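A.B. asks: The structure follows.
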Amino acid sequence: MALQRIPRLLALTEGLWRCQLVMCQPLAVLQSTLGSLALQPRSLYTGCPQCAKHRGLARKKRDLSEKKLTRYFVDHRRIRVVGGAGGKGACCFHSEPRKEYGGPDGGDGGNGGHIILKVDSQLKSLSCITSVYQGNDGEPGQRDNCFGRNGEHIYIKRQECLVNYQVPLGTLVKEEGMLLADLSKPGDEFLAAQGGSGGKGNRFFLSNENRAPMNSTPGEPGEEKRLQLELKTMAHAGMVGFPNAGKSSLLRLLSNARPAVASYPFTTLNPHVGVIKYQDYVQLAVADIPGIIDGAHRNRGLGFAFLRHIERCRIIVYVLDLSHKEPWVQLKSLLYELGKFDETLLQRPHVIVANKLDLPGARETLQCLRQETGSRVIGLSALTGENAEELLLHLREMYDGRKQDGKISYRDW
Ligand SMILES: Nc1nc2c(ncn2[C@@H]2O[C@H](COP(=O)(O)OP(=O)(O)OP(=O)(O)O)[C@@H](O)[C@H]2O)c(=O)[nH]1
Ligand SMILES: [Mg+2]
């Protein structure tokens, strides 16, 4: 019996020993004598149960692979929304002992619930949006002039116990290609489908001419719409460049985002947004999108549809690769492809960044690039972090400048 208790005792004591708690002499003796049983030492957790829970959560979260992310990142959805139908009006008469002609007392039906799209800034993708949303129907009217209950409105993320659905910030709502709403501010709402109004009970039809109306109306059906939801990433600055130029490496260097980096082209398949945090608590969001190549507008490479994710960026960062002999050719191609997508993108304030300054011969190429473009080019290395401050300061200057113009505010990216 005593032998059976030994392993448990040992487990307790070794934990105490590992945590270097104040260990009394008898425990130390026991530890040394039972050590021959060679149980693996385990760490004794001395905190409360809540802390133990947190300890489990503190495990490092593994980044999702780009392929898996593609499954989760959805920037297009077609949905059918149907508002709830109105409840039917009741047709009945008051009945009480010794009251023969009680009169009509059929209550009205409740209104059907609307379907409302609401912005949730925590959401980053449209993946949680399902294809059909059916509104809640209103309840029918009841006798004794009881009106039916209105259908609960449905918001397109389930939140607490309410049926409550939401969309990410930057969602465009279109119907047959026509823009209905641009949900670009936190808290924005859009009434996607209106619920039908409830029917009238026979009490409603009571008049001097008709003291015993026998008619009541059914509730109206809810509105039905087929909508396209399109997500455009919201960031202050967007990076464009050829594959392998080092956009993701740069984003990793500047911000807390962790996009995948590899030496093969098209490593990035989805847009990533990182936040640069300045010491005075100003935060600047930077988006990294998949690389674009010559002929992207003819659907070469990954095409250029994802350029819509930089459409809302106020600053465009062209990332060029100094390992190429003529990076200015890359710049021309980028400008051409951007112009094909949207001419106005070319008028946006921009920064030209030449990456991979650490490579041999890169400084000479940088000089040539400056001469060719005739504008400011920030040479840096995303790998070593060399000269990254210049880019950080320049982005901040541009951001502050545009904020003073009233073109950027915290609410309006
Ligand atoms: N020597 C050097 N290599 C770099 C630098 N920046 C990035 N790289 C390398 O270049 C390769 C591509 O980097 P990425 O950050 O994945 O490039 P990307 O532009 O995001 O590429 P895509 O996602 O395919 O568009 C990786 O092997 C990086 O290690 C740099 O400053 N110096
Ligand atoms: Mg990348």
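A.B. asks: When the residues of the range 215-267 are filtered to those that are within 16 Å of ligand 1 (Cβ to nearest atom) and in contact with a Cys (Cβ under 6 Å, 6 or more places away or on another chain), which remaining residue is nearest to Leu335 (Cα to Cα)?
C.D. replies: Gly238
A.B. asks: Does Ala296 satisfy the condition of being within 23 Å of Leu346 (Cα to Cα), more than 13 Å from ligand 2 (Cβ to nearest atom) and open to solvent by 30 Å² or more (accessible area, probe 1.4 Å)?
C.D. replies: Working: within 23 Å of Leu346 (Cα to Cα): yes; more than 13 Å from ligand 2 (Cβ to nearest atom): yes; open to solvent by 30 Å² or more (accessible area, probe 1.4 Å): no.
No: the conditions fail for Ala296.
A.B. asks: Could you tell me how many of the residues in the range 288-329 are of a type in the set (A, V, I, L, M), under 25 Å from Leu392 (Cβ atoms) and touching a helix residue (DSSP H, G or I) at 6+ places or on another chain (Cβ under 6 Å)?
C.D. replies: Residues that pass the stated criteria total 7.
A.B. asks: Taking the range 251-266 only, how many residues are within 9 Å of ligand 2 (Cβ to nearest atom), among the hydrophobic types (A, V, I, L, M, F, W, C) and open to solvent by less than 30 Å² (accessible area, probe 1.4 Å)?
C.D. replies: 1
A.B. asks: Also, quick follow-up: Step by step: first the residues of the range 96-142, then only those that are polar (S, T, N, Q) and closer than 17 Å to Val82 by Cβ, then the one that is surrounded by the most Cβ atoms within 10 Å (Cβ to Cβ). Which residue is that?
C.D. replies: Quick first cut of the range 96-142, residues polar (S, T, N, Q) only: 111, 121-122, 125, 127, 130-131, 134, 136, 142.
Next, from what is left, pick out any that are closer than 17 Å to Val82 by Cβ: 111, 130-131, 134, 136.
Numbers: Asn111: 28, Thr130: 10, Ser131: 8, Gln134: 17, Asn136: 22.
Checked the range 96-142; the qualifying residue surrounded by the most Cβ atoms within 10 Å (Cβ to Cβ) is Asn111.
A.B. asks: Against the definition (under 15 Å from Lys247 (Cβ atoms) and in contact with a strand residue (DSSP E or B) (Cβ under 9 Å, 6 or more places away or on another chain)), how does Val282 come out, yes or no?
C.D. replies: Values: under 15 Å from Lys247 (Cβ atoms): no; in contact with a strand residue (DSSP E or B) (Cβ under 9 Å, 6 or more places away or on another chain): yes.
No; evaluated as a whole, the condition is false for this residue.
A.B. asks: Do you know which residues across the range 385-399 are within 31 Å of the chain's Cα centre (by Cα) and either surrounded by fewer than 12 Cβ atoms within 10 Å (Cβ to Cβ) or outside any helix (DSSP H, G or I) (or both)?
C.D. replies: If the condition is that a residue be within 31 Å of the chain's Cα centre (by Cα) and either surrounded by fewer than 12 Cβ atoms within 10 Å (Cβ to Cβ) or outside any helix (DSSP H, G or I) (or both), then Gly385, Glu389, Glu397 are the ones that fit.
A.B. asks: Which condition from (1) of a type outside the set (Lys, Arg); (2) near ligand 1 (Cβ under 6 Å from one of its atoms); (3) surrounded by 20 or more Cβ atoms within 10 Å (Cβ to Cβ) is the one that Ile276 breaks?
C.D. replies: Every listed condition holds for Ile276 apart from (2).
The values are calculated or read from the model by the stated rules, or taken from the named source; none is laboratory data. Quick caveat, the model's predicted, so the values are computed rather than measured. All Cβ positions, even for glycine, are placed from backbone atoms using ideal geometry, and neighbour counts span all protein chains on display. These accessible areas exclude ligands, DNA and RNA; they are computed on the full protein's heavy atoms, side chains included. Shrake-Rupley method; radii C 1.70, N 1.55, O 1.52, S 1.80 Å.
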